[in-house]
1. Give the ranking of T158, T181 by solvent-accessible surface, highest area first, calculated with a 1.4 Å probe.
2. Given a Förster distance of 22 Å, report the FRET efficiency between I19 and D258 from their Cβ-Cβ distance, rounded to the nearest 0.05.
3. Looking at the chain, send over the antiparallel percent of its DSSP beta bridges, to the nearest 5.
4. How large are Rg and Dmax for region 1-115 when calculated on the C-alpha trace, in angstrom?
5. Quick one: Karplus J couplings for region 93-98, per residue in order, coefficients 6.51, -1.76, 1.60, θ = phi - 60°, nearest Hz, x for Gly and Pro?
6. For C218, what residues show an amide H to amide H distance below 5 Å, using hydrogens built from the backbone and excluding near sequence neighbours?
7. Explain nothing, just the number: dipole magnitude of the chain about its Cα centre with +1 on each Lys and Arg Cβ and -1 on each Asp and Glu Cβ, in debye rounded to the nearest 20.
8. What is the magnitude of the charge dipole of region 109-227 about its Cα centre, with +1 placed on the Cβ of each Lys and Arg, -1 on the Cβ of each Asp and Glu, and no other charges, expressed in debye to the nearest 20?
Amino acid sequence: MKVLILDTAEAAIDRSATILLDVVRRKPASVLGLATGGTMLPLYDRVVSRHAAEGVSFAGVTTFNLDEYIGLGPDHIGSYHHYMRKALFDRIDIDIRLTHLPRGDAPDPTAEAEAYERRIEAAGGIDLQLLGIGRNGHIGFNEPTSSLASRTRIKTLTDDTRQANRAYFDSLADTPRFAITMGVGTILATRACLLLATGAAKAPAVARMIEGPVSAACPATALQLHRQVTVVLDRAAAAELSLRDYYEHIHPNGAESDFG
Ligand code: PGA
C-alpha cells in the first residue's frame with residue numbers, strides 16, 4: 001500500500017483529485033469506480049473545479065458506483081443516484097448513459113446485483129476505484145464479516161452505519177436497512193484503488209486497515225491483498241498509525257517516491 005499523509009484535509013482532497021484527474025488524462029475512456037458519503041463531497045467539488053480549469057474531459061469516461069440503498073428509486077433525495085447527479089454528474093461533461101449505479105428499486109435486487117457485476121465485466125473492469133472507509137472498517141457497504149471473496153450482492157447495514165447515515169434521512173426509522181454493494185472481491189478485482197480518509201473519527205479504522213491483520217472483521221484490511229492501492233490521509237486520520245514516520249519518510253507531504 002502506498003500511504004500518503006498530507007497536513008490538512010484540504011491537501012488530502014487536492015492530492016486525491018490529482019490522482020483521479022491524472023487517470024482520466026492518461027486514458028480518456030477510463031472506467032472509474034465511484035464512492036459516496038461525506039468524505040467524497042469536497043473531493044467531487046475539487047474535481048469539478050479542476051477538470052474545467054485544467055481542460056480534462058469526462059466525455060469518454062464510464063463510471064460504476066459502489067452501492068445503492070435498497071428500496072429507494074433514483075429520484076429519492078437520499079439515494080446515491082441523486083447524490084451522484086448533484087455532487088458530480090450534473091457538473092461535468094460526463095455522458096450520463098455511461099454512469100452506472102445499482103438500482104435500489106429493482107423488483108429483484110439479487111438479479112440486479114448479479115447483472116451489475118456482469119456490466120462491470122462487460123465494460124472491461126475498473127481502472128481506478130475510489131473508496132471511503134467506515135468507522136467500522138467497511139468499504140462500500142461491506143460490513144464486518146463480509147466475505148473477502150464476495151461479489152455484488154445485498155447486505156444488511158449495521159446499526160453503526162445507519163446511525164452514521166441517518167443525517168441524510170428524516171429519521172433513523174427512515175434510514176434504509178439494506179443495500180446492494182460491490183463485494184470485497186469485486187473491489188479486489190479492480191486495477192487500482194484510491195482510498196481517501198479524513199478526520200480523527202476514521203483514525204482507528206485506518207490503522208486497522210493498513211497495519212492490522214487481514215480479517216473479514218475489518219473488510220478494508222482486504223486491500224492489503226491488492227497490488228495497487230493508494231491511501232490518502234490527513235494528519236488526523238493518520239494519527240493512530242504506528243509506522244507513520246516510515247510512511248512520511250517514503251512520501252514526504254504525500255510526494256511520490258523515486259520509485260513511485
Ligand atoms: P463518510 O462515509 O465519507 O460519510 O464517512 C465513508 C464510508 O462509510 O465508506
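The values are calculated or read from the model by the stated rules, or taken from the named source; none is laboratory data. Predicted model, so just to flag it, every value in this text is computed and none were measured. With ideal geometry, Cβ positions are generated from the backbone for all residues, glycine too; neighbour counts draw on all protein chains shown. Surface areas here come from the heavy atoms of the whole protein model, side chains and all, with no ligands, DNA or RNA. Shrake-Rupley method; radii C 1.70, N 1.55, O 1.52, S 1.80 Å.
1. Greatest to least solvent exposure: T158, T181.
2. 0.75
3. 30
4. 15.0, 46
5. These are the phi-based 3J(HN,Hα) values: 8, 6, 7, 4, 5, 9 Hz.
6. For C218, whose amide H was placed from the backbone, the distant partners under 5 Å are T145.
7. For this selection, approximately 280 debye.
8. Dipole magnitude for region 109-227 comes out near 180 debye.
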